[in-house]
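The values are calculated or read from the model by the stated rules, or taken from the named source; none is laboratory data. Keep in mind the model is a prediction, meaning the values are calculated, not measured. Counting neighbours? That spans all protein chains shown, and the Cβs are built from the backbone with ideal geometry, glycine included.
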Amino acid sequence: MTKTDLTLGDRLQARGVSRRAFLKYCATTASLLALPPTMVPHIANALESQRRPSVIWLSFQECTGCSESILRSNTPSIESMIFETISLDYHHTIMAASGHQAEEARKIAMEENWGNYLVIVDGSVPTGNMGYSTTAGESNIDTLKHVAEGAAAIVCMGTCSAFGGIPYANPNPTDAVAVSDVIKDKPIVNVPGCPPIPAVMTSVLAHYLAFGELPELDHLNRPKVFYGQNIHDRCYRRPFYERGQFAESFDDEGAKKGWCLYKLGCKGPTTYNACAVLKWNEGTSFPIEAGHGCLGCSEPNFWDAGSFYNPLSTATHLDAGTVALAGAVGVGVGAAAGAAARSQQKKIKAAPAKAFTPTKAEEESQ
Amino acid sequence: MTEVITKQEREEAFAMFYGMAASIGELADPAPEMTDEERVERAKEVFLKGIDNNVAVQLDACLHCGACAQACQFFIGTEDPKYTPIHKLDLLKKVYKRELSPLSWLLKPFTPDITVEDLRNQVELVYDSCTMCGRCNMVCPSAINIGDLVSLNRSAMAAAGLAPAELRYMRDGQEADGTIFGADEDLFMFRIQDIQQKLGFEIPLNKKGADVLLMTSGLDIHLFADATGGAIETLHHMGVDYTLATDAYEGANFGSLSGYDATKKKLTKHSTEAIEALGVKTVIVPECGHSYPALRFGAAEAMGRPVNFEVMTVSEYFGRAVMDGRLKLEKKSHPKPIALHDPCKVGRWGGVFDEPREILKACGYDLHETESNRQYNFCCGGGAANFLLPSADKLKRVGYRVKMGEIEAAGAEELVVSCGSCRMNFEVGKVKAGDSIPVESLAAIIAAHLPKKETVEGDKV
Amino acid sequence: MTDLTLKDFMPKPETGNVILLLNEIRHALRHLAETGEPTTIDLSGIPMTKAETEEFEAALGTGEVHAEIDAGGPSEVIETSFAGVWRVIHRASEEMTLARYIEVTRIPEILVAHPSDMRAALTRLEARLELSSEEEAL
Amino acid sequence: MTLLEFARGPALQWAAVIFVIGMLWRTLGLLLMLRSRPLSKDRKKGLAGAGVKTMFSRFLLPKVFAKRVGFQYLLGWIWHVGFVLTVFFFQVHVMFFKGLVGFGWPALPNSVVLPVAAVSLGILVILLVRRMTNPMLRYISNFNDYSSVIVTILPFATGFATFTHIGVLPYETLLALHFLSVALLLVWFPFSKLFHVITVLPSRYILGVKFWRRGVEA
């Protein structure tokens, strides 16, 4: 039995992970995915017996933060093992092979599993000059198109592949687009975030591995169980919002007392993610808990949605210049209207009163 | 006081006069013939001439809150929505929006032009159901001058040939010879001689350079001779250098109430020229509501320049005299509480409030103020010449009822008025309602409280 | 100024889920007693206010067994005062709760030793004994 | 562009532009119109002072009208105070204005503003219902009246929904609707009777002067 033919169960055992720990993982995953508890044994069986599914990880215009997010956990977690299990075929950052060997590995994986492999994408796709981002001389968009052709489904890891992310932000010099703008005929699941929460990434994969299909998605193709509620609604600082207790600056009394960060530009109310519940770094904290407002990194166009530090209740396009210009136009129109009314008044005043002119009937009788 | 007219004489005159007034509509010449277009055109012209910056701002300040309805005795009495004062300005607003508003470029497509039907429907609203008393002005949160703008509407109606026949008759008559109700110079002279005879002293006539000119009105000449007589007797008593004038005796101005602005100006101009020819310093207009603003505020407008004589109404002149001690009145015992009616044109539109009250105080009256008094006073119900409109009979009764309700609530058993048409309207209202409260002229009351000659200080005669 | 909050002007957001949940547990317990079939209830899917959660836990009380498991983070298994009704809490760390379950069963699955773990344990034990006998033989 | 981005950005921007243009247009147009001046002598001195006095005295209802108009005057008062407090002294709104003009001012606690806003909203609804059911008001009301009340109600209603986050819509949709309703109010404002904000005081001044000229305190 070669190493690649081991089931996940074999690997767990080899690593000395207890059955209890695995069961706990499955129970937790089921709970996270809002699956009924009766599904726990099914998930356990399915995961345990998984041989390495073919997964091709494509990295385009990205920063590798999404990969780091999964890999950089302190202990060798089950999450990272699932990740390792699935992602051995082709992943720039972590695969052992390089250069032609690497591309060869990808080709073989594609040929052997045509129609069944899973594609994971991190990074946005440039549509401008193909030279902006290439791998082994092939433009990202070409790679995506032909790798996607044989894919069973595509998972967009991170905001860049899901919505365009930072490369897509104004002025978007590379004409970057999201994967869903290029690929229209494959099931796509978006797992946005900059980066996404590790547990969210692996839970989505676990769901796919256990059930062979993607979890229920919302209108932006995000798994509903993780992206169904906004951060604000589940934020532990929410009571301060309701009482109208806001931090006014990052070092005032309010900030020290842990009051709501709305006034400091927190985007929690409009950001749909599970940060407030799952948190980061093994549940240590999340940005708001650390004292900074949510940036809304898992939302489309988060980089262009006004300053991170402007409250949501402020206008984004209003500025003194526009108002002044409007003022000038208003003065012009007003002056014209006034002048028109004035000349009309003068005209009426100057004309001989009709009351003193004979009516037609009177004229005829004369 | 010397009685210049007995109660019986007055009642007879009243019956005769009322009969005459009731038929003037039939006596009127036929309304001028006009095409529909001509009517609309002429009405619009009046509206547009009347809209200046002030009117525009006020029309743009209306919120349709409906408070004005709650100040209007015709709405209060009928609860009929169409009598809501601001509704009476809808045509004016339409014309303003279409033709003159700064937003007219924008509003014109959404604002239909006024039609001759609109004008015809407007007649009842600005004549019968509005005496331009201006009480609505006082409640309006935006302080819109609805009263004056209804007056502008009357002018538009008149220009469109739609003024009621009665007012047309009055105006035509005064336009022709300056008189009303046939109170021509002969009748005036007859009445003066009659009063002179009863008072027992000579009444100066056409005296150039006199200090004071006393005017009267057709109504007083016919009916309320006690008011004129009272004023003359008091002036004589005070030793004022006064005169009456055969060329300027008529204070009433039926151009003003009917909406015929040209006639209004012409009449005022005529009186003003006569007054200036006499060279008097002060003119006392009679107890006739609208004659006060017509001359006090209209003279300069009619002449197109300021005039240099004072205009005062009877109650104002004598009230001032009482206040600064030139006129001492004899305090008498009056057990019956009395109510004072502030005529709209003299009170709310003229500012004469304290003077009549001082007079009543000096006479020893127990004045019971009505709940609405001074600038908040209710109209008698038939002001602005409405007492001449038979079509408004029902509304006049409604208005009278509201007014009389307050007087009764004040516990007054007597009413004093210093306006002939108010008095007329009260008298008619009393007859129709079967009320019996006495209605007195303030001028007559003053005369009745003149102390005996020899006790008066400063009597120069 | 009294410290009113928005909630003072809104209906109290009680979910009323405590009674429903306790009834569900009753049915599950009856089912267990009659047929021996276990039931698991995921508490994360059932919204309750903080007060209701406390009320719920107080209603269940604590029974005889309280087990702590150290497997991929601390987990806890608490028998309630009703035999056969267990609270199972999975945590990633002391502060971070991952999942909360009510298990109505003879013994929660997580406590039971698994055949694969047992096989691995046997192998280890045998290896250990072999090592000892070799040592002895020396 | 999401609905919220549209609402916070172009919608509000264009609405503000239209608002500023419209307000100046109408104000300046009125200012420039010819004014007729009376020639007759004034009965009293100090016209301007009297005009200013009327501007403020009309905030109070003369006692004699209290019985018939008191209710609507009171409602109007509370509503306007509530409107000002809510628009300018609600924490989140102060932030908005700070973002706009560069400086803020002290806000009122939510525990004050929220009940005030609720009362204001309630009054607006009462006024609307009154306008629809009172025969006199129904008779004199036109599109401008109804639309202006509704356009004013909308920001209150959406604002409440946004802040309390009650209802089925997600926060950003509610917030966007709130912004859009404000944009609608801004656009509607200069061209409707809401413009009375500019005209009401001058209008009072005009009557105050006119009547004081005649010796009457209006």
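Let's see how each residue does on (1) surrounded by fewer than 16 Cβ atoms within 10 Å (Cβ to Cβ); (2) touching a Lys or Arg at 6+ places or on another chain (Cβ under 8 Å); (3) modelled with pLDDT of 80 or more:
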{"position": "A:E282", "(1), (2), (3)": "no, no, no"}
{"position": "A:S307", "(1), (2), (3)": "yes, no, yes"}
{"position": "A:S313", "(1), (2), (3)": "no, no, yes"}
{"position": "A:A324", "(1), (2), (3)": "yes, no, yes"}
{"position": "A:P358", "(1), (2), (3)": "yes, no, no"}
Among the candidates B:R423, B:R397, which residue alone is at pLDDT below 95, within 19 Å of B:P293 (Cα to Cα), in contact with a helix residue (DSSP H, G or I) (Cβ under 9 Å, 6 or more places away or on another chain) and of a type in the set (D, E, K, R)?
B:R423
In the list C:E126, C:E24, C:E68, which residue meets the criterion of being acidic (D, E) and either within 20 Å of A:M39 (Cβ to Cβ) or surrounded by 11 or more Cβ atoms within 10 Å (Cβ to Cβ) (or both)?
C:E24
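Here's the yes/no breakdown for (1) in contact (Cβ under 8 Å) with a residue 12 or more places away in the chain; (2) among the basic types (K, R); (3) at the interface with chain A (Cβ under 8 Å from one of its Cβ atoms); (4) surrounded by 20 or more Cβ atoms within 10 Å (Cβ to Cβ):
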position: C:L32; (1), (2), (3), (4): yes, no, no, no
position: C:M48; (1), (2), (3), (4): yes, no, no, no
position: C:E54; (1), (2), (3), (4): no, no, no, no
position: C:S81; (1), (2), (3), (4): yes, no, no, no
position: C:W86; (1), (2), (3), (4): yes, no, no, yes
position: C:S93; (1), (2), (3), (4): yes, no, yes, no
position: C:I102; (1), (2), (3), (4): yes, no, no, yes
Per-region count, region C:100-119, residues of a type in the set (A, V, I, L, M) and over 18 Å from C:L29 (Cβ atoms):
5
By residue number, the members of region A:214-241 that are over 26 Å from the mean Cα position of the chain (by Cα) and crowded, with 18+ Cβ neighbours inside 10 Å are A:F240
Sort out which residues of region B:197-245 are assigned to a helix (DSSP H, G or I) and over 18 Å from B:Y317 (Cβ atoms), and write them in order of number.
B:Q197, B:K198, B:L199, B:G218, B:L219, B:I221, B:H222, B:A225
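So that you can scan it fast, the table gives a plain yes or no per residue for (1) within 14 Å of chain D (Cβ to nearest Cβ); (2) in contact (Cβ under 8 Å) with a residue 40 or more places away in the chain; (3) within 16 Å of the chain's Cα centre (by Cα); (4) surrounded by fewer than 20 Cβ atoms within 10 Å (Cβ to Cβ):
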residue	(1), (2), (3), (4)
A:N140	no, yes, no, no
A:A148	no, no, no, no
A:A153	no, yes, no, yes
A:G158	no, yes, yes, no
A:V182	no, yes, no, yes
A:D185	no, no, no, yes
A:P196	no, yes, yes, no
Listed residues B:S256, B:S271, B:S291; which is in contact with a Pro (Cβ under 9 Å, 6 or more places away or on another chain) and either in contact (Cβ under 8 Å) with a residue 40 or more places away in the chain or of a type in the set (F, W, Y) (or both)?
B:S256
Looking only at region D:148-206, count how many residues are hydroxyl-bearing (S, T, Y) and over 30 Å from D:M55 (Cα atoms).
6
Within the bounds of region A:276-289, is there any residue that is among the polar types (S, T, N, Q), more than 30 Å from D:G29 (Cβ to Cβ), more than 9 Å from every other protein chain (Cβ to nearest Cβ) and under 17 Å from the mean Cα position of the chain (by Cα)?
no
If you go through region B:97-113 one residue at a time, how many are part of a loop (DSSP other than H, G, I, E, B), charged (D, E, K, R) and within 11 Å of chain D (Cβ to nearest Cβ)?
0
Region B:21-53 - residue that is over 30 Å from D:N144 (Cα atoms), more than 9 Å from chain A (Cβ to nearest Cβ) and assigned to a helix (DSSP H, G or I) and, of those, nearest to the chain's Cα centre (by Cα)
B:A21
May I ask you to say which residue of B:A143, B:A56, B:A69 is assigned to a helix (DSSP H, G or I) and either within 22 Å of B:S155 (Cα to Cα) or in contact with a Leu (Cβ under 8 Å, 6 or more places away or on another chain) (or both)?
B:A56
Within region B:413-444, the count of residues that are within 16 Å of B:H368 (Cβ to Cβ) and either in a loop (DSSP other than H, G, I, E, B) or assigned by TED's automatic domain parsing to the domain that holds B:F224 (or both) comes to 3
Could you go through region D:41-62 and let me know if any residue there is basic (K, R), in contact (Cβ under 8 Å) with a residue 24 or more places away in the chain, assigned to a helix (DSSP H, G or I) and more than 8 Å from chain B (Cβ to nearest Cβ).
yes
Given the conditions (1) at the interface with another protein chain (Cβ under 8 Å from one of its Cβ atoms); (2) within 30 Å of A:F246 (Cβ to Cβ), and given that A:G334 satisfies all but one, which numbered condition is not satisfied?
(2)
Quick test of your reading of the structure: B:F201 fulfils all but one of (1) buried (at least 18 other Cβ atoms within 10 Å of the Cβ); (2) over 23 Å from the mean Cα position of the chain (by Cα). Name the failing condition by number.
(1)
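Against the definition (more than 30 Å from B:Y18 (Cα to Cα) and either among the basic types (K, R) or more than 10 Å from every other protein chain (Cβ to nearest Cβ) (or both)), how does B:V150 come out, yes or no?
no
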Among (1) buried (at least 21 other Cβ atoms within 10 Å of the Cβ); (2) farther than 23 Å from B:A444 by Cβ, B:G279 falls short only on (1)
List the number of the failed condition for B:S151; all other conditions in (1) touching a helix residue (DSSP H, G or I) at 6+ places or on another chain (Cβ under 8 Å); (2) buried (at least 19 other Cβ atoms within 10 Å of the Cβ); (3) modelled with pLDDT of 90 or more hold.
(1)
If B:L360 satisfies every condition in (1) crowded, with 19+ Cβ neighbours inside 10 Å; (2) in contact with a strand residue (DSSP E or B) (Cβ under 8 Å, 6 or more places away or on another chain); (3) under 30 Å from B:A143 (Cβ atoms) but one, which is the exception?
(3)
Read through the list (1) within 24 Å of the chain's Cα centre (by Cα); (2) surrounded by fewer than 20 Cβ atoms within 10 Å (Cβ to Cβ), then give the number of the only condition that D:L169 fails.
(1)
Only one of B:E250, B:E166 that is within 18 Å of the chain's Cα centre (by Cα) and within 17 Å of B:V311 (Cβ to Cβ):
B:E250
When region A:44-71 is checked residue by residue, the ones that are assigned to a loop (DSSP other than H, G, I, E, B) and farther than 30 Å from A:N172 by Cβ are A:Q50, A:R51, A:R52, A:P53, A:S54
Select from region B:77-96 the residues that are more than 8 Å from chain D (Cβ to nearest Cβ) and of a type in the set (A, V, I, L, M) and write down the one among them that is farthest from B:C65 (Cα to Cα).
B:V95
Under the condition of being farther than 19 Å from D:T86 by Cα and not basic (K, R), which residue from region D:172-194 is surrounded by the most Cβ atoms within 10 Å (Cβ to Cβ)?
D:E172
